[in-house]
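Read the figures in this text as sums done on the coordinates, not as results from a lab. For clarity, every value in this text was computed on a predicted model and none was experimentally measured. Here the Cβ is made from the backbone with ideal geometry for all residues, glycine too, and neighbour counts use every protein chain on show.
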Amino acid sequence: KDGDKRDANRELMGLGSANFIGSFFQCFPAFAALSRTPAMEMAGGRTQIAGIICAVIVSIVAGTLMNLFYYLPKVIMSSIVVVSVCSCVEISEWIFLWKTSK
């Protein structure tokens with residue numbers, strides 16, 4: 001979109017490396033980067049500062065509003081995630097892949 005080509009293998013290697021190294025220090029596993037990268041790109045984030053701002057906002061929301069999220073059913077929480085990720089999926093690509101695989 002902006003001239004940069006995202007390499008999914010590079011992102012997965014970074015995610016796997018973070019999880020592997022973090023396992024020696026009793027860290028939580030990292031898993032949100034796969035959906036956050038396209039969402040950040042669609043929101044207009046172009047630098048690493050956008051990722052830092054996103055992490056700060058998520059930390060503030062998790063620290064202050066988590067007790068309100070506790071009472072939401074898991075179905076509602078999962079639907080929020082599904083709706084935010086669905087905009088990243090290109091249906092035309094899926095149809096092309098479906099026709100090509102036959």
If R0 = 30 Å, then Trp94 and Leu12, at their Cβ-Cβ distance, give a FRET efficiency to the nearest 0.05 of 0.90
So, with points 7 Å from each Cα along the Cβ direction, the Phe69-Met42 label distance in nm works out to 1.9
Rounded to one decimal in nm, the spacing of the 7 Å Cα→Cβ label points at Ser23 and Val83 is 3.7
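Assuming R0 = 22 Å, what is the FRET efficiency of Ile52 and Ala30, from their Cβ-Cβ distance, to the nearest 0.05?
Working: r = 15 Å, r/R0 = 0.69.
So the FRET efficiency works out to roughly 0.90.
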